[in-house]
Amino acid sequence: MKYFIVDAFTDHHFSGNPAGVCLLEEPIADEIMQNIAAENNLAETAFILKQGNEYNLRWFTPEQEFDLCGHATLASAYVLFQFVDKKAEHLVFSTQSGILEVTRNDGLLEMDFPSRPPEQIEVTELMENALGVPIMEAHLSRDMILVLQTEKDVYEAVPDLDIVSKIPGCVNLIITAQGREADFVSRYFTPGISIPEDPVTGSAHSSLIPFWAKRLGKEKLTAHQLSKRGGILYCQDKGDRVKISGNAILYLAGEIYL
């Protein structure tokens with residue numbers, strides 16, 4: 001099986017978010033995909049199988065299958081454009097979250113994702129205790145979004161993930177604020193898994209884009225995820241869809257033997 005590691009949402013190595021990409025020639029069992037993802041021990045491993053004019057795309061963390069993953073989709077498109085469909089300008093993926101499309105656009109890879117606007121909820125004492133900094137607002141979509149006062153607050157926050165895991169409705173946590181240079185910044189946490197802070201989270205921007213587009217009155221935005229590795233996302237709010245664009249760079253190409 002051809003296997004690649006691609007750093008997504010960056011144009012240089014050792015930054016952005018690394019994703020594993022496996023090119024399948026035929027279907028394999030879910031258990032094998034999960035074992036491969038656990039062996040790889042990256043935040044996400046993508047599995048691609050060509051089906052007609054589309055590609056079936058699935059994403060696995062080391063612990064479980066995920067319903068939507070931005071950086072591993074970007075990495076998958078990069079691999080297909082570079083090594084499989086070199087003349088293609090547009091790719092169509094069939095996924096658990098419906099049809100996702102990726103297009104080459106002005107030197108970037110542009111993903112078309114569903115929009116998942118969050119709904120405002122009450123800020124609780126448990127949320128405050130989990131972060132230890134003032135929380136301006138709380139919102140909930142697939143992920144819980146806590147809005148902080150400044151970019152500095154987001155950068156310096158040290159969430160207590162044990163407390164985060166006890167917040168009702170909070171499976172994944174985003175902390176965000178308006179940015180100084182980028183339009184908005186964020187960090188993304190998933191308590192209880194082997195990689196608790198994700199370096200760059202494309203799928204989180206399915207909620208962050210409509211939130212900040214409405215807040216800032218802008219259709220096009222630039223986002224900076226403030227993890228240790230960091231990453232830049234170029235965003236556009238399109239109503240019921242969002243566009244998420246970024247760079248990617250190949251780190252490793254090899255083979256998996258089963």
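The values are calculated or read from the model by the stated rules, or taken from the named source; none is laboratory data. Quick caveat, the model's predicted, so the values are computed rather than measured. Counting neighbours? That spans all protein chains shown, and the Cβs are built from the backbone with ideal geometry, glycine included.
Here are the numbers for this structure:
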quantity: Residue count, the stretch 1-51 (criterion: assigned to a strand (DSSP E or B) and loosely packed, with under 15 Cβ neighbours inside 10 Å); calculated: 2
quantity: Number of positions in the stretch 175-210 that are buried (at least 22 other Cβ atoms within 10 Å of the Cβ) and touching a His at 6+ places or on another chain (Cβ under 9 Å); calculated: 10
quantity: Only one of VAL171, VAL242, VAL200 that is in contact with a strand residue (DSSP E or B) (Cβ under 6 Å, 6 or more places away or on another chain) and part of a loop (DSSP other than H, G, I, E, B); calculated: VAL200
quantity: Any hit, the stretch 174-182, residues being outside any strand (DSSP E or B), farther than 18 Å from PRO114 by Cβ, touching a Cys at 6+ places or on another chain (Cβ under 9 Å) and free of Cβ contacts under 8 Å to residues at least 60 places away in the same chain; calculated: no
quantity: The stretch 166-193, subset at pLDDT below 95 and among the small types (Gly, Ala, Ser), residue nearest to LYS218 (Cα to Cα); calculated: GLY169
quantity: Near pairs, Cβ below 7 angstrom, 6+ apart or cross-chain, from the stretch 228-243 (of a type in the set (Val, Ile, Thr)) to any residue that is in a strand (DSSP E or B) and surrounded by 18 or more Cβ atoms within 10 Å (Cβ to Cβ); calculated: ILE232/HIS224; ILE232/GLY246; VAL242/PHE113; VAL242/CYS235
quantity: Residues being more than 13 Å from the chain's Cα centre (by Cα) and in a loop (DSSP other than H, G, I, E, B) - total across the stretch 52-81; calculated: 5
